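Chemist: Structure below; questions to follow.
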Amino acid sequence: MEELRKLEQVQRTLSFMQSSDLFAASSNNNKDDANRFLANLILLLVQPCGELDMDKKCGLISQHLPNISASFLEEASRWINQEDFHKTCIGSDILKESECDSLQSNYEDMAMIGLDSMQRANSTLEDFCRSYFMFHGMDANSPQAIFKYLPLLSFTESYIYQLDRLNEKILNMPTDGIIASERRFEVVVKLMDMLKSDPFRPFLYILERDGLMTERIREEFRCGSEYWTLERKLCCQLMNKKEISIEDVMRAIKLKSFDYRVLNLLLYQLRQEKVNDLHMEFLSISEFLVEISDDLFDYEDDVLENNFNIFRMFIGIYGPSIAPAMLAKCITETEEKYNSLLKSLDPQLSLNYQRRCEEATKEGGKISGNPLGAWSIPPSFCNHTTNFIYFQLVWNLFHHQLSKYMKGVANRLWKRV
């Protein structure tokens, strides 16, 4: 759509030039190129540029045009191709310098990532190897197993993380229409156009080129785009105190771990294995519970940064008194599905996965009587009239009896509310 808009502008400019007798007089084969060049030059000159009016622009051109030679332009071209994106980003306070490659991938229509994105994606990749390799019969402690598939897995997660960071940047842009500079506004528009249209297109091209693309992988990328759209929508509604749809919230939390599913599906493709639907279904339920746990842990930070957070959304929908009970109900229902699917797994795989969850809990610093950690509802936003000064729900993610106990807790909570 953006390219069509540009072509329309050029065509209108060419029509204006013809009516004004400004067409190039050359009769050689370069006449069309010459007219196109003049049209682009006119389009550039009429674009707003700070406080410069048309007279000042013409004055600048008259003053500096004699110094712009063919050799000067050739040198400028080489310089710009090497430095333009880093120079642009350093001069803008929208993105950090480490995020410049994100813009470059958009402008050049190439899938490229920055070092900062790779570093930030590293913990996710480690968790994926340790938690998901076992479902492929792979040893996460084997360097050969890891490094054989690491390049594509690392590139994929870094690219996704890079786009996610851009989406968060857009969420934190000023919403009052006050933009610090014209350049800043242009960058914001380009980023929003990219994220709203087809943010994964350059990366999907790589997968198609290498014969790794499947319709299932393509669908997960569509889920990623949908998640970012929902995140922007819900956070905007919450900030503007508008009504929030519980259907949108639940859809968003289910889509949030799309990157893990993409990595898993890619691993099936790389190993030329058929996708195990039982494993995928089980892991999607596990991902759902992990996302809720992470949102509870990151609740205060997500509120400050205006990020999607399920507990934040529940408070926006149900209020601070009822939100904990509704979230507890949601978790309990999901755990029932989780426990059912856990029993369907191979016994050794089930045991290995539970051990991995215990390791992750300890490494995350969640220390409690339960080896798998605790469900902890942030207390600072609970209603004091319900005596929720420090409200905590604890139950075992894997044992049915304790899950039943938490149902009773949830029921008692309903009565108190």
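Chemist: For a quick protection proxy, order the peptides 120-132, 198-210 by their average other-Cβ count within 10 Å, most packed first.
Modeler: 120-132, 198-210
Chemist: Moving on to the next point. When you count, for each residue, the other Cβ atoms within 10 Å and take the mean per peptide, how do 244-255, 341-352 rank with the highest first?
Modeler: 244-255, 341-352
Chemist: Using the Cβ atoms and a cut-off under 12 Å, what net charge is assigned to the surroundings of Phe128, where Lys and Arg are +1 and Asp and Glu are -1?
Modeler: Here the charged neighbours net out to -2.
Bear in mind these aren't lab numbers, they're just calculated from the coordinates by the rules spelled out. The structure displayed is predicted, hence computed values, not measured ones. All Cβ positions, glycine included, derive from the backbone under ideal geometry; neighbour counts span all protein chains shown.
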